[in-house]
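Inspection log for the structure reproduced underneath, given as structure tokens.
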Amino acid sequence: MKDKSTHNKIFKGTINALFQRAAPFLDIRDNDVHVQISYEFAGRLLKCYPGADQEIVLPAIILHDIGWKTIPEEELFNSFGPKMKDNTNQRRHETEGAKMADDILSSLGFPRNKIDQITSIINGHDTRLEALSLNDQLVKDADKLWRFTPTGVDIDHKRFGIKRDEYVAYLDTVIEQWMFTPEAKEMAQEALNQVKEDVKGK
Ligand SMILES: [Fe+2]
Ligand SMILES: [Fe+2]
């Protein structure tokens, strides 16, 4: 049996390996920036919920959007956001992403029961409105939290073609609806306040 610090060291190595394996699939749609920010939020949420499993939540957040790489580039920007025309590609990035994640996690020697939990979170992270578990809640919250950060707002309002102040006002109205945990609601509000402060400071 490995002691806790050895186990943590091995897990850290696995996280680095996952980022490396995900990188070639995250070079579109600013997904590399998104995943890094959401990974940090996932870490903060995990500190609030010791009953959640970091070995599910962190791999799921790193791999959740790799399926976008299978969507033709010219179709990408009609496939998400407030102006999305239909959700075929949104659904496809979940199903394809779950298969790709299964391959990556299997090749890294993840146990089957963990792979199944991670891929079922990925397979529905956007389209399934209810959460399957506490782990799923934290992934869903961390995924959306980046949208409230200065970086997320700057990227999103431009690609959605919505004026920055209008987009910020819209985000103010969706925190309750989007977030599962009270801590994520607080983090979203805190990040959005930072966005508003930045505008005032300019
Ligand atoms: Fe997604
Ligand atoms: Fe995402």
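The values are calculated or read from the model by the stated rules, or taken from the named source; none is laboratory data. In this text the structure is predicted, and so the values were computed from the model without any measurement. Every residue, glycine as well, gets a Cβ built from its backbone with ideal geometry; the counts of neighbours run over all protein chains shown.
Observations, loosely collected:
- Restricting the stretch 18-38 to residues that are among the acidic types (Asp, Glu) and out of contact with any Leu (no Cβ under 6 Å at 6 or more places or on another chain), the residue that is nearest to ligand 2 (Cβ to nearest atom): ASP30
- Condition met for GLU183 (acidic (Asp, Glu) and either closer than 21 Å to LYS47 by Cα or touching a Gly at 6+ places or on another chain (Cβ under 8 Å) (or both)): yes
- Meets criteria (closer than 25 Å to VAL199 by Cβ and within 16 Å of ligand 1 (Cβ to nearest atom)) for ASP156: yes
- Exactly one residue out of GLY124, GLY109, GLY67, GLY97 is within 16 Å of ligand 2 (Cβ to nearest atom), surrounded by fewer than 22 Cβ atoms within 10 Å (Cβ to Cβ) and of a type in the set (Gly, Ala, Ser): that is GLY124.
- Leading residue by the ranking (surrounded by the fewest Cβ atoms within 10 Å (Cβ to Cβ)) among those in the stretch 1-28 that are over 13 Å from the mean Cα position of the chain (by Cα) and not in a helix (DSSP H, G or I): MET1
- Output for the stretch 120-136, where each listed residue is within 16 Å of ligand 1 (Cβ to nearest atom), closer than 13 Å to ILE61 by Cβ and not in a loop (DSSP other than H, G, I, E, B): ILE121, ILE122, ASP136
- Filtering the stretch 107-116 for residues that are modelled with pLDDT of 95 or more, within 15 Å of ligand 1 (Cβ to nearest atom), touching a helix residue (DSSP H, G or I) at 6+ places or on another chain (Cβ under 7 Å) and assigned to a helix (DSSP H, G or I) leaves an empty set.
- Pairs with Cβ under 8 Å, 6+ apart, first in the stretch 11-36 and more than 16 Å from HIS64 (Cβ to Cβ), second within 12 Å of ligand 2 (Cβ to nearest atom) and of a type in the set (Lys, Arg): none
- Options GLU75, GLU40, GLU55: the member that is part of a helix (DSSP H, G or I), out of contact with any Asp or Glu (no Cβ under 6 Å at 6 or more places or on another chain) and free of Cβ contacts under 8 Å to residues at least 12 places away in the same chain: GLU40
- Residues of the stretch 139-179 that are among the aromatic types (Phe, Trp, Tyr) and surrounded by fewer than 18 Cβ atoms within 10 Å (Cβ to Cβ): PHE160, TYR170.
- Per-region count, the stretch 180-193, residues surrounded by 14 or more Cβ atoms within 10 Å (Cβ to Cβ), assigned to a helix (DSSP H, G or I), free of Cβ contacts under 8 Å to residues at least 60 places away in the same chain and not small (Gly, Ala, Ser): 3
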